[in-house]
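J.: The structure's right below; bear with me while I get my questions together.
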Amino acid sequence: MSDLGRDYETSLDPKRRRRDGVHYTPRDVADELVERAFAAHRRTIASGAPFSVCDPTCGAGVFLLAAADALVAAGRTPFDALACLRGMDIDPDALEVARAELLGWAHVHGVEAGEQELPFDLFVGDALNDAWPEDGRLDVVVGNPPFGGQLAGATVRDESAVAGAARILGRPAGYTDTAGVLLVRALDAVRAGGSVVFVQPLSVLGSRDGAMVRDLVSDALESIWIPDDQLFDAAVSVCAPVLRKPTATESVADSQVIPTWTELAAEAMGVPSMRLNGAPLSSLADCTAGFRHEFYDVAAATVERGSAGSESADFPKLITVGLIDPAKLLWGTRAARIAGTTFAEPVVDVAKLSKPFELRKRPKLLVATQTRVIEAVADYDGMLWPSVPVISVLPHTDEAGTLDLLLAALIAPPASVWAARQAAGTARSPGAVRLSATQLEQLPLPTDRELWIKGSDQLRAGQLTTAVRTLTSAYGLSENEQTVVLEWWTLRSKRRKRQGKTAGL
Ligand SMILES: C[S@@+](CC[C@H](N)C(=O)[O-])C[C@H]1O[C@@H](n2cnc3c(N)ncnc32)[C@H](O)[C@@H]1O
């Protein structure tokens, strides 16, 4: 984004910014996405043939500027590059900023035509309801559309958005994000063989609300771009599906296996690919996670250890996700925040619970979710109490050693890789692994029992680094796979961030 764009964005009333999803894109991100959008069109661009690139919610025009530079770099004259650009936005003032930016660009590039003769097109328009420039014939749509749920609102403007979205999707949009609706619309606006790269909330990859959008554009999905960091101040993790509208022959000959959104997301996030053949964890244990209502029940029964009566055996330690590290319990060394209250040593007064939840008092493993790698600890005497959403792994037998073996299987790097691949893009942020009890029951176990036991002994002896090596071998991977998996796990573990000293949910 340029200074002009930034100044304009910050001058807007925050309410208006929220309503119209105004979060302008950093220039380096626009460059990267334009590069991906142009990849399939290098030859046309180099040939000098007519070419059109549109950002239908262009704001101050950062994608148009990035496209102009990319076209010049590919051999077009500056005048010709400007002739390829189409921009639209609902905000006429933003378009004036975009116009000023393009005039400045033309000047810097020595384009001598007067303002009126410059060949780019900028339109004021509503991308949900109005025709787009060169609608249906565009070569490329690239941009960062507004995010948000304004489709669920009730003002006159929202009503027209709701109607426009329903027309685009061919059914009521429900909770579908505006950005998703515009992704579907963008695919409609390009010609067969045309490309779309449109920033989306990361949730489009896995959420139930994103399913309609995924269905409607899946045939065109080529890859997914996922950035490392938070790019926009909207505090939302983003991605950008890279779409190319199939041509008639491609649609007919479409017999190849289309990779799923999850597979492409895993690739974009650099999660190694491997095959695991072991029996599922459910052959040795069941997994369960508490429900939301249980969280509040338990929170109300949580007290500080040392308070009246709380030394008794009936007061198990309360364990939040933040109190679990790989094979290491942090209870008592780190404070925990539970329903707004900070506890140094939280314990549960079981007598105060509305239901007994006896299950929790069995020996088990406790597994955190939304962490960078799988983090789990063993509860040998059943005196740890999982706070929602911690998952409990309950072995089928009390046989000594089973708990240690299960812990070892979970701490093993291939388990984290497997989980990250299963649910790629569905966690709150790209760096987190989302786990559910049902999914964990499917986790393949190690195949080499001897190495599995050895790794489990090393883990019990506190030798985490040695144990993860042994356990990676226990999963029966090739040498090469082992190296890649270990590297991935080590990098992810190092970047495990614990901000502050309090561990909440
Ligand atoms: C996330 S900003 C991105 C702007 C620009 N593409 C960029 O990346 O810097 C979204 C833009 O969409 C515009 N907008 C919101 N609703 C719109 C609509 N229905 N039709 C066209 N533009 C819209 C806003 O005015 C804003 O400029």
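J.: Here are 21, 48, 5: which of them is more than 20 Å from residue 97 (Cβ to Cβ) and at pLDDT below 95?
T.: 48
J.: Given the structure, is residue 63 assigned to a helix (DSSP H, G or I), near the ligand (Cβ under 9 Å from one of its atoms) and not β-branched (Val, Ile, Thr)?
T.: Taking the combined requirement at face value, the residue satisfies it.
J.: So residue 55 fits all but one of (1) open to solvent by 60 Å² or more (accessible area, probe 1.4 Å); (2) acidic (Asp, Glu); (3) near the ligand (Cβ under 9 Å from one of its atoms); what number is the exception?
T.: (1)
J.: Please name all residue pairs, on different chains or six or more residues apart, with Cβ atoms under 9 Å, provided the first residue is in the range 116-140 and is in the same structural domain as residue 180 (by TED's automatic domain parsing) and the second residue is among the hydroxyl-bearing types (Ser, Thr, Tyr) and within 14 Å of the ligand (Cβ to nearest atom).
T.: Once the first residue is in the same structural domain as residue 180 (by TED's automatic domain parsing) and sits in the range 116-140, its partners that are among the hydroxyl-bearing types (Ser, Thr, Tyr) and within 14 Å of the ligand (Cβ to nearest atom) give 126/160; 127/57; 128/160; 128/178; 129/160.
J.: How many of the residues making up the range 276-295 are modelled with pLDDT of 85 or more and farther than 30 Å from residue 405 by Cβ?
T.: 0
J.: Residues to consider are 95, 64, 82, 71; find the one that is open to solvent by less than 10 Å² (accessible area, probe 1.4 Å), under 21 Å from residue 238 (Cβ atoms) and either modelled with pLDDT of 95 or more or over 25 Å from the mean Cα position of the chain (by Cα) (or both). Reasoning before the result, please.
T.: Working: 95 fails: under 21 Å from residue 238 (Cβ atoms); 82 fails: under 21 Å from residue 238 (Cβ atoms); 71 fails: under 21 Å from residue 238 (Cβ atoms).
Matching residue, one of 95, 64, 82, 71: 64.
J.: Here is a follow-up. Can you name every residue in the range 342-392 that is surrounded by 21 or more Cβ atoms within 10 Å (Cβ to Cβ) and over 30 Å from residue 413 (Cα atoms)?
T.: Residues satisfying the conditions are 346, 347, 348.
J.: Let me ask you something else. All but one of (1) at pLDDT below 95; (2) open to solvent by 10 Å² or more (accessible area, probe 1.4 Å); (3) assigned to a strand (DSSP E or B) hold for residue 234; state the number of the condition that does not hold.
T.: Here residue 234 clears every test but (3).
J.: Taking the condition of being open to solvent by 70 Å² or more (accessible area, probe 1.4 Å) and within 20 Å of residue 377 (Cα to Cα), how many residues in the range 462-480 meet it?
T.: 3
J.: Restricting attention to the range 111-154, which residues are open to solvent by less than 50 Å² (accessible area, probe 1.4 Å), more than 14 Å from the ligand (Cβ to nearest atom) and among the small types (Gly, Ala, Ser)?
T.: 113, 114, 136
J.: Count, please, the residues in the range 1-16 that happen to be open to solvent by 30 Å² or more (accessible area, probe 1.4 Å) and either more than 12 Å from the ligand (Cβ to nearest atom) or not hydroxyl-bearing (Ser, Thr, Tyr) (or both).
T.: Number satisfying all stated conditions: 11.
J.: Please verify whether the range 327-341 includes one or more residues that are open to solvent by 50 Å² or more (accessible area, probe 1.4 Å) and under 30 Å from residue 399 (Cβ atoms).
T.: Yes, the range 327-341 has at least one match.
J.: Quick check: anything in the range 481-495 over 29 Å from the mean Cα position of the chain (by Cα) and closer than 25 Å to residue 380 by Cβ?
T.: Narrowing the range 481-495 to residues over 29 Å from the mean Cα position of the chain (by Cα): none.
Within the range 481-495, not a single residue is over 29 Å from the mean Cα position of the chain (by Cα) and closer than 25 Å to residue 380 by Cβ.
J.: With the requirement that a residue be open to solvent by 10 Å² or more (accessible area, probe 1.4 Å), modelled with pLDDT of 95 or more and part of a helix (DSSP H, G or I), what does the range 439-451 give you?
T.: If the condition is that a residue be open to solvent by 10 Å² or more (accessible area, probe 1.4 Å), modelled with pLDDT of 95 or more and part of a helix (DSSP H, G or I), then 441, 449, 450, 451 are the ones that fit.
J.: Being part of a helix (DSSP H, G or I) and more than 13 Å from the ligand (Cβ to nearest atom) is the filter here; which residues of the range 168-182 pass it?
T.: Those that are part of a helix (DSSP H, G or I) and more than 13 Å from the ligand (Cβ to nearest atom): 169, 180.
J.: Oh, and also: Identify all residues within the range 17-40 that are more than 9 Å from the ligand (Cβ to nearest atom) and either surrounded by fewer than 20 Cβ atoms within 10 Å (Cβ to Cβ) or not assigned by TED's automatic domain parsing to the domain that holds residue 242 (or both); write none if there are none.
T.: 18, 27, 28, 31, 32, 35, 36, 39, 40, listed by residue number.
The values are calculated or read from the model by the stated rules, or taken from the named source; none is laboratory data. Predicted model, so just to flag it, every value in this text is computed and none were measured. Counting neighbours? That spans all protein chains shown, and the Cβs are built from the backbone with ideal geometry, glycine included. Surface accessibility is based on the protein's heavy atoms, side chains included, excluding ligands, DNA and RNA. Shrake-Rupley method; radii C 1.70, N 1.55, O 1.52, S 1.80 Å.
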